[in-house]
Structures are given as structure tokens and as C-alpha cells.
Amino acid sequence: MLTRRSLLAVSAAWLLGAADAAAQEWPQRPVRMIVPFGPGGGADIIGRIVAQSLQEKLGQPVVIENRPGAGGTLGNEAVARADKDGYTLGIMTAGQIIAAVMSKSLRYDTLTAFDPVSQVATAGLIIVTRPDFPADDVKQLIAAAKANPGKITFGSPGFGATQHFTGELFRQTAGVNILHVPFRTSPEAISAVLGKQVDVLFDTISAVLGQVQSGQLKALAVTGKDRFPAVPDVPAAIESGVLSGYDVTTWYGVFAPRGVPREIIAKLNAALQRGLDDADLRKRLEAAGYEPAPHYTPEDFAKFIKADTEKWLDLVEKTNMRAK
């Protein structure tokens, strides 16, 4: 005769077995991928490229759902609250890490609410100015800023944006006093540089590539540690020798709610890595202005997110920028 304890043990074993079976059979229906920004933006472009690849690899539809708002945190919250069955995924970006660092009112913890799956792409940022600005590289820019403290201005498409933080990290690393002027969009910030309302702009390469190629804007450096394929002649800022450790790129990855079975996370990671090995997917990413990310395990991606969070949190504290 089974005791109550025995019945509980049998029930637990049955439930565990059922969960394992479900994980092994996953996916059996369409997968939803939440993009926390509107259609047409960087996260949306990445999401649709990745969704198509996953759909081919998994044999089930992967449907994009745009959930814009609050710097991407509304979409993140929807992922955090979703069922932990592998049928809801999200696109994570560097900007959402910054939004989490800046905000005191999030209803989730970025480091504990999600299961990272893999990083999938990166995008370079670049420092540009107008052609007649008296600096042709970052070393000369830093010298000019030190000679004229508080007089050189830099623009970005929004307070708290990745581009803004890239400029703030430059200011801190170089030890210079340059003033931030935020704009609502990249086109507005670009117009301000061209109109001599601000001196320097930190933005994504894809946003200013046309103006750089036409000579309307002068590129001083890219902000990552390596040169970017789209502008191979533009040096990395770190090459100047006066910006030790300066390395900023924006990035995109796939994540799930915390608690999804590890077998499903492993299947997703494997499918993403196979996709990143496809020449067609790599060409699509590069044509859109992105670089395919190196292969990341879920554990690698989790460590990366933690380090990125700590980097931007440290910047907020050192620059005394107030959280919203």
C-alpha cells in the first residue's frame, strides 16, 4: 500500500518525466518572439532575420510581436512574465541594459528574470564631426577638449541611449570636459552637427554611413576595440593610445523567461549557432549594417550581460547621472 510520501514521490517523478518529454519534443507549435521596439528599428531587423533562421532550423513558425515602450523594458517585462515553456522568446539589446541601469521602477531584475540563450549580432558605433572641425582623430579631439574645457559639445539621439553612454564613457576614459546635447532622433543629431550646433556625434555606423561616405561628416574613430568592416579605414579609438580599455559596441541577443527547461535552451542555442554559420544569414546581417556575433553558450551570454550591466552601472555612479 502506497504511503502519502510514496505517492508524492511518484507524482513528482511523473511530473519531472512529463516535463523532460515535453522538452525533448519541443517545439510542437509556433514560437513567439517579442521585439521590445517598434517595426523598422535595429532590434526589429535583427529579430526578423533571426526568426526566419530559427523557423527553418526548428520546423515551426517563429512569429514576431512588437512590444515597444519605456526603452524596451515593457517588452522585457512581457517576456519575464511569460510561461516558461520555450514558446516565448525575446530580443535583448545593449540599450535595454542601459535602461535597466537608469531606471528605479522596473518590475523585474535583468540579471535574474531571464535565461540568456545567445548573442547573435553586434553593431559598431562611430565618432564623427563636421569636415572643418579642427581635429582629425580622437587624439586631437582629446587635446582640443583639454585645451577648451566645457566648450566642445557632443550630440546623441537621446539621454540614456547607448550613443549617449558611449560619449559619457569617452569623456570619463579620456578625462575631458565635453558637454552632452541630447536629441530625439539620429537624423536630428546629424543635422545639428552639419549645422554646427554641436561639434561631435556618437552614433551607430549604419546611421551616419552615407554622410561619412559622401564626405559630409568626418569620421574620427569607431568605438569598438576592432575596426568595423563597413568603414575599414577608420581606426578604432583605442588605437590612439590615449583611451586605454575603451571598447563600446551595441549588441543583440535572444533570451527566454527564467526557468525554461535547459534542454530547450540548449536546442535554441544550437539552432542559433547553426544559423550564424549560414552564409546567407551572415550576408543578410552584414548588408543591414551588423556583424554576426561569435558563438556564445548560454553561460557565456549570461556572463557577458552581467559584465555589461556592471560597466554601465559603474559609469552611472561615476558620472552621477540620475536614474529616472
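Brief remarks on what is shown
- Antiparallel bridges, percent of DSSP beta bridges restricted to the chain (to nearest 5): 60
- Average accessible area per residue (Å²) across the chain - probe 1.4 Å, nucleic acids and ligands excluded: 46
- Paramagnetic reach from Phe159 in the range 288-324 [backbone N under 13 Å; point 7 Å along Cα→Cβ]: 321-324
- Mean Cβ count within 10 Å, highest first, over the residues of peptides 244-255, 90-101: 90-101, 244-255
- 10 Å-binned pair-distance histogram of the range 99-158 (Cα, whole percent): 14, 29, 23, 22, 12
- Rg to Rh, two decimals, where the range 141-226 supplies the alpha carbon set and Rh follows Kirkwood: 0.93
- Among Phe183, Phe165, Phe202, the largest mean-square fluctuation in a Gaussian network model of the chain, built with springs joining Cα atoms closer than 10 Å, belongs to Phe183.
- Tensor-based shape of the range 51-127 (alpha-carbon gyration tensor, a/c under 1.5 rounded, otherwise prolate or oblate): oblate
- Choice from Arg258, Arg107, Arg282 with maximal GNM fluctuation in the chain (Cα, 10 Å cutoff): Arg107
- Positive-pole candidate from Val234, Pro298, Ser214, dipole of the chain, charges at beta carbon: Pro298
- Crossing angle, helix 4-25 versus the chain [Cα axis fit, 0-90 degrees, rounded to tens]: 50
- Among Ser105, Ser53, Val79 - extreme Cα towards positive end, dipole of the chain, charges at beta-carbon: Ser105
- Dipole magnitude (debye, nearest 20) for the range 171-324, charges at Cβ of Lys, Arg, Asp, Glu: 420
- With every protein chain in place, the range 105-176: carbon and sulfur % of accessible area (1.4 Å): 51
- Reachable lysines, given that their alpha-carbon falls under 29 Å from the alpha-carbon of Lys146 and they are not under 8 places away in the same chain: Lys196, Lys218, Lys225, Lys311, Lys318
- Prolate/oblate/rounded label for the range 197-324 (Cα gyration tensor, a/c 1.5): oblate
- Overall, the chain carries a charge dipole of about 780 debye about its Cα centre when +1 sits on the Cβ of Lys and Arg and -1 on the Cβ of Asp and Glu, all other atoms neutral.
- Over the chain: Rg over Rh, Cα atoms, Kirkwood Rh: 1.05
- When DSSP beta bridges are restricted to pairs lying wholly in the range 120-214, around 45% turn out antiparallel.
- Rounded tilt (10° steps) of 205-214 against the dominant C-alpha axis of the chain: 30
- Largest mean-square fluctuation among Ala147, Ala174, Ala121, in a Gaussian network model of the chain whose springs join Cα atoms under 10 Å apart, belongs to Ala147.
- Seen against the Cα atoms of the chain and their longest principal axis, helix 262-276 is set at about 40 degrees.
- Cα centre as origin, Lys/Arg/Asp/Glu Cβ charges: the range 70-228 dipole, Debye: 420
- Each residue, Asp278 and Glu188, gets one label point 7 Å from its Cα in the Cβ direction; the gap between the two is 3.8 nm.
- Shape category assigned to the range 241-316 from the gyration tensor of Cα positions, a/c cut at 1.5: oblate
The values are calculated or read from the model by the stated rules, or taken from the named source; none is laboratory data. Quantities reported herein were computed from a predicted structural model and do not represent experimental measurements. Backbone-built Cβ (ideal geometry, glycine too); neighbour counts: all protein chains shown. Ligands, DNA and RNA are stripped out before the accessible areas are found, and what is left, the full protein with its side chains, is counted by its heavy atoms. Shrake-Rupley method; radii C 1.70, N 1.55, O 1.52, S 1.80 Å.
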